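J.: One structure follows; several queries about it will come next.
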2 protein chains.
Amino acid sequence: MINLTRGVPPVDVFPTEDLISAAERNMRADGKTVLQYVQAPGYRPLLEWLAQDNGVKPEEVFMGNSSLEIFAFLTTVLLKPGLRAFVESPSYDRANLLLQRSGAEVVPIPLEVDGVDLNAFEAELKRGAPTLFYIIADFQNPMGTTTSLAKRQKIAEWARQYNFWIVEDSPYRPLRYFGEDIPSLRELAPERVLQLSSFSKILAPGLRMGYVIGDAAVIKSVTKYANNTYIGPVTPTQGMVYEYLKAGLLPANLEKLRNLYRPRLKAMLDAIDRYLPGTTFPRPEGGFFIGVTLPEGTKMDVLLPRAAEAGLKLTDGRGFYINPAEGERFLRLPFCSLTPEEIEDAMKALQPVIYENLAVK
Amino acid sequence: MINLTRGVPPVDVFPTEDLISAAERNMRADGKTVLQYVQAPGYRPLLEWLAQDNGVKPEEVFMGNSSLEIFAFLTTVLLKPGLRAFVESPSYDRANLLLQRSGAEVVPIPLEVDGVDLNAFEAELKRGAPTLFYIIADFQNPMGTTTSLAKRQKIAEWARQYNFWIVEDSPYRPLRYFGEDIPSLRELAPERVLQLSSFSKILAPGLRMGYVIGDAAVIKSVTKYANNTYIGPVTPTQGMVYEYLKAGLLPANLEKLRNLYRPRLKAMLDAIDRYLPGTTFPRPEGGFFIGVTLPEGTKMDVLLPRAAEAGLKLTDGRGFYINPAEGERFLRLPFCSLTPEEIEDAMKALQPVIYENLAVK
């Protein structure tokens, strides 16, 4: 069975030995801190490192047990029934779920190859400004698209004008395999952006180490909410990440990951070109995913079991849409944890599943 | 400044070297698991160890990033406005806060030296059964009291009859310095009890390693809620705890802690006897705290700054009460992280603060 579902890194990329020695160094030097109660947002040396690395003050940084958890805190602190939240459509299924859990009205804005449809965004703005807009501007999950500079500028301008928060989720931003970086939304409108980052895709997911950078008052509310929820986050893993960063090991790890994932992205694009004619998809320059719109007539309830019979585990595309029916033809293809050969095999196996499926519809 | 506030273990009791080697062993043997995404409730070998150790099935155990976080999940999943929750009065301030955050009606039941006042409990039951009753039956925080077997039996009986959950928070249960264990509420009514346990007081708080044992359907709801919130908990620390437990190191650590804390409890009781005449307090047989009711006329807003002037940091007693005014005379004295000499010095310094305070009221 080839797994084409969750966007997980391949396990052989984890720098296990480096993390073991980072943990050892940190606990030996500072075990009395990281093993004791530490109030949210956690281990101070890491907080200061992240603040300096991002050019902000420590009080503009909050660290939690995963960036998803931080987004859960943000949606709880900022949203409630009666308020609106905008989200790219499609978007990260778990983010959609947390937005819906808040009770706010969740407004999907159609995603184009260079970012959200600005006309649709503006029309919704005029219907009622949101409290926040959740966006994955770089190598979007599930689409793989990157929001253009022009669209980022317009969104930043609207955020100022209509006074909403941009929650910029950036787990894939350091994983660009082709082309040039585009300024982040936080760089364009630091006062309106809460930027989520994570070590899950660039170090190891099990650490659940995420952080958010933004407005000090929001950070303070989130910190208080987190403190009331669990006192403080898990700290020995924060100490581990701190020692790893301090030893200067991250840049080489990123380089290793980019060199590993670049040919995988290329192999996936080539395979889609070859095996999935008549589909539409963006050509991502980084990240973990390519979002493919399958031919008309595709039905998830037919596709998924057929794929399973052919030895392929696929993600239900409907989960990425606030209106699930829009995802009937949507397939998210992850490529990082498969070798080019496995990608070739998977796409070859996928082809008949997709087209036979259409023939019998 | 002598800190008489939070119930934190002394930092020199953390078995740092044992935890370093546990982490190393686990990451070397199973790094591909603990560094990867692991869905809630986390690291399977630890889950199975805890299940076996507690004589339950793995599906009756949920592990989270602290037992407080698990209680936050439980209150979110089980409670909502319109429902009732009973709680000992006084109780753990952070538990009070989470109960209130749920929007449920929080009903304080006065705590006596052998557990809650059963007449008050019954009267409230007749007014409307709760969805849950939060209780720290062993060495209560903040009182230090232990609920008698007779009261446990009555509460278990009511839980069955009125169909409410007993959330039995047991962080201090393994820390008995005198006397004999009393059966836990879970032993008396396993089908109605959700028992929270934690490694914070018996290993190290920074691990934020807590778990709950109880009804499989509730565990399933909490697991789903946790998965939607953060996918899974931090796992390298779970791996660390697992290796530590598997190596059989916990019993000796518990013995070490009990031998360290026993004379501290005794020193605190002696010092209260000597320096705080006219106060009432229980004589705990374990745990971290003794709750002292100060003489009539004590006012927190006078006491706390006076104490600070005398070099003593005290906890505001009002936080332990749903009706804060009831805590005006309440002082929680922690003893585990102070040596007998420090306890003696602290109580000597506290005496004039308490009685001068009364003289000028």
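The values are calculated or read from the model by the stated rules, or taken from the named source; none is laboratory data. Predicted, not measured: the structure shown is a model, and the values here were computed from it. Note that we place each Cβ from the backbone using ideal geometry, even for glycine, and neighbour counts take in every protein chain shown.
J.: Any residue that is of a type in the set (A, V, I, L, M) and under 18 Å from A:L207 (Cα atoms) - is there at least one of those in segment A:79-88? Walk me through it before giving the result.
T.: As a first pass, look at segment A:79-88 and keep what is of a type in the set (A, V, I, L, M): A:79, A:83, A:85, A:87.
If we keep only those that are under 18 Å from A:L207 (Cα atoms) as well, we get none.
No, there is no match, as no residue in segment A:79-88 is of a type in the set (A, V, I, L, M) and under 18 Å from A:L207 (Cα atoms).
J.: Next up: Given the structure, is A:P205 within 14 Å of chain B (Cβ to nearest Cβ), of a type outside the set (F, W, Y) and closer than 15 Å to A:F62 by Cα?
T.: Values: within 14 Å of chain B (Cβ to nearest Cβ): yes; of a type outside the set (F, W, Y): yes; closer than 15 Å to A:F62 by Cα: no.
For A:P205, the condition - within 14 Å of chain B (Cβ to nearest Cβ), of a type outside the set (F, W, Y) and closer than 15 Å to A:F62 by Cα - is not met.
J.: Moving to a separate point now. Restricting segment A:54-86 to residues that are more than 23 Å from A:Y134 (Cβ to Cβ) and touching a residue at least 60 places away in the same chain (Cβ under 8 Å), which is farthest from the other protein chains (Cβ to nearest Cβ)? Spell out the reasoning first.
T.: Within segment A:54-86, the subset more than 23 Å from A:Y134 (Cβ to Cβ) is A:55, A:57-59.
Next, only the ones that are touching a residue at least 60 places away in the same chain (Cβ under 8 Å) stay: A:57, A:59.
Values: A:K57: 25, A:E59: 22 Å.
Out of the qualifying residues, it is A:K57.
J.: Now for a separate question. Could you identify the single residue in A:L149, A:L83, A:L118, A:L78 that is surrounded by 18 or more Cβ atoms within 10 Å (Cβ to Cβ) and either hydrophobic (A, V, I, L, M, F, W, C) or at pLDDT below 95 (or both)? Step through it out loud before you land on a result.
T.: Working: A:L149 fails: surrounded by 18 or more Cβ atoms within 10 Å (Cβ to Cβ); A:L83 fails: surrounded by 18 or more Cβ atoms within 10 Å (Cβ to Cβ); A:L118 fails: surrounded by 18 or more Cβ atoms within 10 Å (Cβ to Cβ).
Result: A:L78 is the single residue among A:L149, A:L83, A:L118, A:L78 that is surrounded by 18 or more Cβ atoms within 10 Å (Cβ to Cβ) and either hydrophobic (A, V, I, L, M, F, W, C) or at pLDDT below 95 (or both).
J.: For the list (1) more than 30 Å from B:T16 (Cα to Cα); (2) surrounded by 16 or more Cβ atoms within 10 Å (Cβ to Cβ), I need the number of the one condition that A:L250 fails.
T.: Evaluating A:L250 over (1) more than 30 Å from B:T16 (Cα to Cα); (2) surrounded by 16 or more Cβ atoms within 10 Å (Cβ to Cβ) leaves (1) as the failure.
J.: Same structure again: Residue under question is A:R264, and the condition is that it be in contact with a helix residue (DSSP H, G or I) (Cβ under 7 Å, 6 or more places away or on another chain) and under 19 Å from A:P284 (Cβ atoms); does it hold? Talk me through it step by step, then tell me what you get.
T.: Working: in contact with a helix residue (DSSP H, G or I) (Cβ under 7 Å, 6 or more places away or on another chain): yes; under 19 Å from A:P284 (Cβ atoms): yes.
Here the answer is yes, as A:R264 does meet what is asked.
J.: Now a separate question. Please specify each residue of segment A:161-185 satisfying the condition of being assigned to a helix (DSSP H, G or I) and buried (at least 22 other Cβ atoms within 10 Å of the Cβ). Break it down into steps so the answer makes sense when it comes.
T.: So the first thing to find is which residues in segment A:161-185 are assigned to a helix (DSSP H, G or I), and the list is A:161-162, A:185.
Matches in segment A:161-185: A:L185 only.
J.: Considering only segment A:78-131, state which residues are under 17 Å from the mean Cα position of the chain (by Cα) and either in a helix (DSSP H, G or I) or of a type in the set (F, W, Y) (or both).
T.: Hits for segment A:78-131 are A:F86, A:Y92, A:D93, A:R94, A:A95, A:N96, A:L97, A:L98, A:L99.
J.: Kindly indicate whether B:T33 is among the β-branched types (V, I, T), under 19 Å from B:T235 (Cβ atoms) and within 13 Å of another protein chain (Cβ to nearest Cβ).
T.: Numbers: among the β-branched types (V, I, T): yes; under 19 Å from B:T235 (Cβ atoms): yes; within 13 Å of another protein chain (Cβ to nearest Cβ): yes.
For B:T33, the condition - among the β-branched types (V, I, T), under 19 Å from B:T235 (Cβ atoms) and within 13 Å of another protein chain (Cβ to nearest Cβ) - is met.
J.: Which of the residues that make up segment A:309-323 are surrounded by fewer than 17 Cβ atoms within 10 Å (Cβ to Cβ) and in contact (Cβ under 8 Å) with a residue 60 or more places away in the chain?
T.: A:G311, A:K313, A:N323
J.: In segment A:1-30, how many residues are within 10 Å of chain B (Cβ to nearest Cβ), outside any helix (DSSP H, G or I) and surrounded by fewer than 16 Cβ atoms within 10 Å (Cβ to Cβ)?
T.: The number of residues fulfilling the criteria is 1.
J.: Counting only residues that are within 13 Å of chain B (Cβ to nearest Cβ), part of a helix (DSSP H, G or I) and among the hydrophobic types (A, V, I, L, M, F, W, C), which one in segment A:214-247 is surrounded by the most Cβ atoms within 10 Å (Cβ to Cβ)?
T.: A:M240
J.: Quick one: in segment A:37-48, which of the residues that are surrounded by fewer than 20 Cβ atoms within 10 Å (Cβ to Cβ) and either touching a residue at least 60 places away in the same chain (Cβ under 8 Å) or facing another protein chain (nearest Cβ under 8 Å) (or both) is nearest to A:G232 (Cα to Cα)? Steps first, please.
T.: We begin by selecting, within segment A:37-48, every residue surrounded by fewer than 20 Cβ atoms within 10 Å (Cβ to Cβ); these are A:37, A:39, A:44-45, A:47-48.
Checking which are either touching a residue at least 60 places away in the same chain (Cβ under 8 Å) or facing another protein chain (nearest Cβ under 8 Å) (or both) leaves us with A:37, A:39, A:45.
Working: A:Y37: 7, A:Q39: 4, A:P45: 15 Å.
Among those that are surrounded by fewer than 20 Cβ atoms within 10 Å (Cβ to Cβ) and either touching a residue at least 60 places away in the same chain (Cβ under 8 Å) or facing another protein chain (nearest Cβ under 8 Å) (or both), it is A:Q39.
J.: Based on this model, can you work out whether A:K220 counts as of a type in the set (K, R) and closer than 22 Å to B:G232 by Cβ? Before the answer, list the steps.
T.: On the way: of a type in the set (K, R): yes; closer than 22 Å to B:G232 by Cβ: no.
In short, no.
J.: Could you list, in sequence order, the residues of segment A:317-361 that are part of a helix (DSSP H, G or I) and charged (D, E, K, R)?
T.: Here is the first cut: in segment A:317-361, the ones part of a helix (DSSP H, G or I) are A:317-320, A:324-327, A:340-359.
Within segment A:317-361, A:R318, A:E326, A:E341, A:E342, A:E344, A:D345, A:K348, A:E356 qualify.
J.: Here's something else I'd like to know. If you go through segment A:138-159 one residue at a time, do you hit one that is away from every other protein chain (no Cβ under 14 Å) and assigned to a strand (DSSP E or B)? Quick ask: steps written out before the conclusion?
T.: Just the residues of segment A:138-159 that are away from every other protein chain (no Cβ under 14 Å), to begin with: A:138-140, A:142-159.
Applying the additional criterion that residues be assigned to a strand (DSSP E or B) yields none.
The answer is no, given that none of the residues of segment A:138-159 is away from every other protein chain (no Cβ under 14 Å) and assigned to a strand (DSSP E or B).
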